[in-house]
Amino acid sequence: MQVTSLEELKQIAKKANEVIEIPGFDDMSVLNVKVKRVSLIDLVQCDVLPNILLLEVQKILDKKQKGHEMKGKEYERAVKNLEQFTEIVYKQALIEPSADDFKSVGLELNKVQKSMIAEYAIGDTSRLERFRAFRESLKNNSTSKEL
């Protein structure tokens, strides 16, 4: 049995990371960020993600899927839990630039940017695909120099 080589490890690492497009800081720009998928179970086991928070988020998503409309304190608690969850997951997924890199230059990602990264990280790419389609429609509707 042979030990896995450094070159093989580099190839595995390349496949584990992906550059995705997210909305930029103005309406017409995009950011390309390197991200990785994350395992929620690993985050819980490493005490990065509190198990109780993961359970609360799962309850929220189940209620949403069933068409339950949250109001008042229930809605406020759901928003707070989802924001806390998103904050933890996006920071774990974002490789380059990192969350600290953004802060060091005086920028902070907004809620949409963070949630797109978090959704990608846990395997939901639907919002990314909608964003790509939207960006493509902007390109197709832009004025041409040939006109």
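Structure values in brief
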{"quantity": "Tally of residues being acidic (Asp, Glu) and either part of a loop (DSSP other than H, G, I, E, B) or open to solvent by 80 Å² or more (accessible area, probe 1.4 Å) (or both) across segment 45-67", "calculated": "1"}
{"quantity": "Residue 85 being without any contact (Cβ under 8 Å) to a residue 12 or more places away in the chain and either surrounded by 12 or more Cβ atoms within 10 Å (Cβ to Cβ) or aromatic (Phe, Trp, Tyr) (or both)", "calculated": "no"}
{"quantity": "Only one of 71, 59, 66, 36 that is within 15 Å of residue 123 (Cα to Cα) and of a type in the set (Lys, Arg)", "calculated": "36"}
{"quantity": "Boolean, residue 32 is open to solvent by 60 Å² or more (accessible area, probe 1.4 Å) and either at pLDDT 90 or above or under 17 Å from residue 111 (Cβ atoms) (or both)", "calculated": "yes"}
{"quantity": "Conditions (1) charged (D, E, K, R); (2) more than 27 Å from residue 105 (Cα to Cα); (3) open to solvent by 90 Å² or more (accessible area, probe 1.4 Å): number failed by residue 37", "calculated": "(2)"}
{"quantity": "Any chance residue 70 is surrounded by 13 or more Cβ atoms within 10 Å (Cβ to Cβ), over 16 Å from the mean Cα position of the chain (by Cα) and not in a helix (DSSP H, G or I)", "calculated": "yes"}
{"quantity": "Residue, nearest to residue 116 (Cα to Cα), within segment 88-105, restricted to residues that are surrounded by fewer than 14 Cβ atoms within 10 Å (Cβ to Cβ) and free of Cβ contacts under 8 Å to residues at least 60 places away in the same chain", "calculated": "98"}
{"quantity": "Residues satisfying the stated conditions in segment 81-126, i.e. within 27 Å of residue 51 (Cβ to Cβ), touching a Leu at 6+ places or on another chain (Cβ under 8 Å), part of a helix (DSSP H, G or I) and not small (Gly, Ala, Ser)", "calculated": "81, 84, 85, 88, 89, 90, 92, 113, 116, 117, 119, 120"}
{"quantity": "Residue 19 vs. criteria closer than 25 Å to residue 103 by Cα, modelled with pLDDT of 90 or more and surrounded by fewer than 13 Cβ atoms within 10 Å (Cβ to Cβ)", "calculated": "yes"}
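The values are calculated or read from the model by the stated rules, or taken from the named source; none is laboratory data. Everything quoted here is computed from the prediction, not taken from an experiment. Cβ atoms come from the backbone with ideal geometry, glycine included; neighbour counts cover every protein chain shown. Only protein heavy atoms, including side chains, enter the accessible area calculation; ligands, DNA and RNA are left aside. Shrake-Rupley method; radii C 1.70, N 1.55, O 1.52, S 1.80 Å.
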